[in-house]
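Let me begin by presenting the structure, written as structure tokens, before commenting on it.
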Amino acid sequence: MSTPAPGVARDAATRIASAEVLVASPGRNFVTLRLRTEDGVEGLGDATVNGRELAVASYLGDHVTPLLIGRDAHAIEDTWQYLYRGAYWRRGPVTMAAIAAVDTALWDIKAKLAGLPLYQLLGGRSRRGCLAYGHASGADLEELFDSIRDHLDQGFRAIRVQSGIPGLGSVYGVASSANAAVGETGATSRYDHEPARRAIRPVEEEWDTRAYLRHAPKVFEAVRAEFGPELPLLHDAHHRLTPIQAARLGKDLEPYDLFWLEDVTPAENTAMLRRVREHTTTPLAIGEVFNTIWDYRELFEEQLIDYVRSPVTHAGGITALRRILDYAAVYQIKSGVHGPTDISPVGLAAALHLGIAIPNFGIQEYMKHSRATDEVFRPAYRFTDGLLTPGEEPGLGVGYDDETARAHPYAPAYLPVNRLQLDGSLHDW
Ligand code: GCO
Ligand code: MG
């Protein structure tokens, strides 16, 4: 008798018996995959692509979950290759988020079967915890300083700084006072931002790059004067600059010693970062919208960046992000995993198990989810003294409460678009 193909379950206990795609909106929209073995062991994966959630839900439900039934939950690599190579239409955010969810759920199951927290299967603990950075922002310096103090009080030891720009209305990444309604949004802090913008069309924001380039260095000068030289500060330019503008910003910010400058240019043309790198020693981070290892090749091999921003959720799962980060380590490039509130607690937990194990951990973004989100996922990870730890429960340490989730049905919500203040042209944001 010939041996069964890899991926086919030999043992009924580890055979995948069910695969459900769960879409809910506790605070914001999330797409979650739940796999269950015949013995009832469950694994979760995050497949949330902000603003395009239902496309991934359909990709999973229509084209992936039927393929998983009967497969061996232990065959993680084979399943990854089966879905990646098998699709023929490789890469792209929808495909890779779907593969990521399957991969993460399988790692969750494997760790539960082993009775170990997942990081133990990834090599064990390499550090006490994962240094996290929080998001401080303000329409003006007074609000910004308040927000930084609030984050320091919460225990953050590294802080992203975003500020309003004189002459411009709302700027993406800056909390508006409307979000300060803690009770209503279930926000865990007065400065939680990026609530789901529920509407059938995106909000339109306005932009002026010259005003931004003039203002940003003044903000960092003021923050350093107020908070001193020690505090690691980060900043996200959110893809809005040309290479030469980005080079200028990097140079202008050098006196303020940033931990990193993120997404200075749009991500499609990675060669643009060569120009930026020629001009500045400000460390660069990119990759939150990348989805495979191939997106990083030029950036790594030419040492054009310092931090990898891919999350588990959008880069094909734990298996794929581990591979990207091992490749990065060859060039002394570190992790800086994306962790806004649209990465679900499942995606964040996966990042923490990986982050605590790998040799080249850099920093982890941590925006904190709303109370409503945490009530559905009940994560075991903890934030203490500026460090995140994944918890010691077997698996990922995240659950899914169906009943609570049912009270929060999906509602369309979109990221904004950006138009130039000067003439209304659509601009990168
Ligand atoms: C960040 C990001 C986010 C993204 C958002 C898109 O660095 O945290 O830029 O704010 O814009 O996650 O869905
Ligand atoms: Mg970003």
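I'd like to know if the stretch 272-284 contains one or more residues that are within 16 Å of ligand 1 (Cβ to nearest atom) and at negative phi. Looking through the stretch 272-284, at least one residue is within 16 Å of ligand 1 (Cβ to nearest atom) and at negative phi.
Answer with yes or no whether Ser147 is assigned to a loop (DSSP other than H, G, I, E, B) and in contact with a strand residue (DSSP E or B) (Cβ under 9 Å, 6 or more places away or on another chain). Reasoning before the result, please.
Values: assigned to a loop (DSSP other than H, G, I, E, B): no; in contact with a strand residue (DSSP E or B) (Cβ under 9 Å, 6 or more places away or on another chain): yes.
The answer is no for Ser147.
Say whether the condition of being crowded, with 19+ Cβ neighbours inside 10 Å and within 16 Å of ligand 2 (Cβ to nearest atom) is met by at least one residue in the stretch 224-233. Yes - at least one qualifying residue is present in the stretch 224-233.
Is it the case, given these coordinates, that Gly362 is surrounded by 20 or more Cβ atoms within 10 Å (Cβ to Cβ), closer than 24 Å to Phe259 by Cα, modelled with pLDDT of 95 or more and within 16 Å of ligand 2 (Cβ to nearest atom)? When the stated conditions are applied, Gly362 passes them. In this entry, Leu241 is excluded by the filter for residues that are within 16 Å of ligand 2 (Cβ to nearest atom), under 25 Å from Ala100 (Cβ atoms) and surrounded by 22 or more Cβ atoms within 10 Å (Cβ to Cβ).
Would a scan of the stretch 270-277 turn up a residue that is part of a loop (DSSP other than H, G, I, E, B) and hydrophobic (A, V, I, L, M, F, W, C)? Working first, answer last.
Here is the first cut: in the stretch 270-277, the residues part of a loop (DSSP other than H, G, I, E, B) are 270-271.
Retained after the next criterion (residues that are hydrophobic (A, V, I, L, M, F, W, C)): 271.
Yes, the stretch 270-277 contains a residue that is part of a loop (DSSP other than H, G, I, E, B) and hydrophobic (A, V, I, L, M, F, W, C).
Taking only the stretch 387-429 into account, find how many residues are in a loop (DSSP other than H, G, I, E, B), among the small types (Gly, Ala, Ser) and touching a helix residue (DSSP H, G or I) at 6+ places or on another chain (Cβ under 7 Å). Talk me through it step by step, then tell me what you get.
The initial filter retains those residues of the stretch 387-429 that are in a loop (DSSP other than H, G, I, E, B), namely 390-394, 396-401, 407-412, 414-416, 421-425, 428-429.
Among the residues that remain, those that are also among the small types (Gly, Ala, Ser) are: 391, 397, 399, 407, 411, 424-425.
Applying the additional criterion that residues be touching a helix residue (DSSP H, G or I) at 6+ places or on another chain (Cβ under 7 Å) yields 397, 399.
Total meeting the criteria: 2.
Per the listing Ser344, Ser310, Ser335, the residue uniquely within 16 Å of ligand 1 (Cβ to nearest atom) and more than 18 Å from Gly45 (Cα to Cα) is Ser335.
When each of Val223, Val264, Val219 is tested for being closer than 26 Å to Ser147 by Cα, part of a loop (DSSP other than H, G, I, E, B) and among the aliphatic types (A, V, I, L, M), the lone residue that passes is Val264.
Within the set Thr265, Thr270, the sole residue that is within 21 Å of Ala315 (Cβ to Cβ), modelled with pLDDT under 95 and buried (at least 18 other Cβ atoms within 10 Å of the Cβ) turns out to be Thr270. Tell me whether the stretch 281-290 contains one or more residues that are assigned to a helix (DSSP H, G or I) and free of Cβ contacts under 8 Å to residues at least 40 places away in the same chain. No. Do we have any residue at all in the stretch 335-345 that's buried (at least 24 other Cβ atoms within 10 Å of the Cβ) and more than 16 Å from ligand 2 (Cβ to nearest atom)? Yes: one or more hits. Note on the stretch 65-118: residues that are within 15 Å of Ala350 (Cα to Cα), within 17 Å of the chain's Cα centre (by Cα) and surrounded by fewer than 23 Cβ atoms within 10 Å (Cβ to Cβ) amount to 0.
The values are calculated or read from the model by the stated rules, or taken from the named source; none is laboratory data. On a predicted model such as this, the values are computed, not experimentally measured, just so you know. Quick reminder, even Gly has a Cβ in these numbers, built from the backbone with ideal geometry, and neighbours come from all protein chains shown.
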